[in-house]
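Take a look at the structure set out below.
What follows draws every value from the coordinates through simple rules; no lab data is involved. Note that the coordinates shown come from a computational prediction; the quantities given were computed from them, not determined experimentally. Positions of Cβ are generated from backbone atoms using ideal geometry, with glycine treated the same way; all protein chains shown enter the neighbour counts.
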Amino acid sequence: MSDINRKDWHIDKSVSMGHLVTTCAIIVGMIMYFGAQDKRISSNEQSIEFMKDQRSEDLRRIEKTLDEIKKLIVESRAR
């Protein structure tokens, strides 16, 4: 009985060409994915810096407008 089971189960110790090609394709795909991810991160970083600059500029404009409004209120109370 044990001889029959041993004949049915066989482990091939060689590496097939299909396994090598598939492994190489996966590795190349991972490299390409992480390379593209680095580009996206750089792009997002630039966008964030641009948005920070825009917010600073908007804040300066708002503060200037508020100062003008305060000045008008003070002038109207003085009359």
Check: What label, among (i) 69; (ii) 62; (iii) 20, belongs to percent of Cα pairs over 22 Å apart computed from the structure on display?
Finding: (i)
Next item on the list: For the chain, find the longest principal axis of its Cα atoms and tell me its angle to the long axis of helix 17-78, 0 to 90°, nearest 10.
Entry: 10
Checklist line | Per DSSP, loop trypsin sites (Lys or Arg not before Pro) in the range 4-75 with at most 15 further Cβ within 10 Å | finding: LYS13
Next item on the list: At 7 Å along the Cα-to-beta-carbon direction for both PHE34 and ARG55, put a label point, then send me their distance in nm to one decimal.
Entry: 3.1
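Of the lysine pairs in the chain, how many meet both conditions: Cα atoms under 30 Å apart, and a spacing of 8 or more in sequence or different chains?
Numbers: LYS39/LYS52; LYS52/LYS64; LYS52/LYS70; LYS52/LYS71.
Going through the chain pair by pair, I get 4.
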Notebook entry, point to check: So what's the back-of-envelope 222 nm ellipticity for the chain, counting only DSSP H runs of four-plus at -39500 (n - 2.57) apiece and dividing by all residues, rounded to 500?
Noted result: -32000 deg cm²/dmol
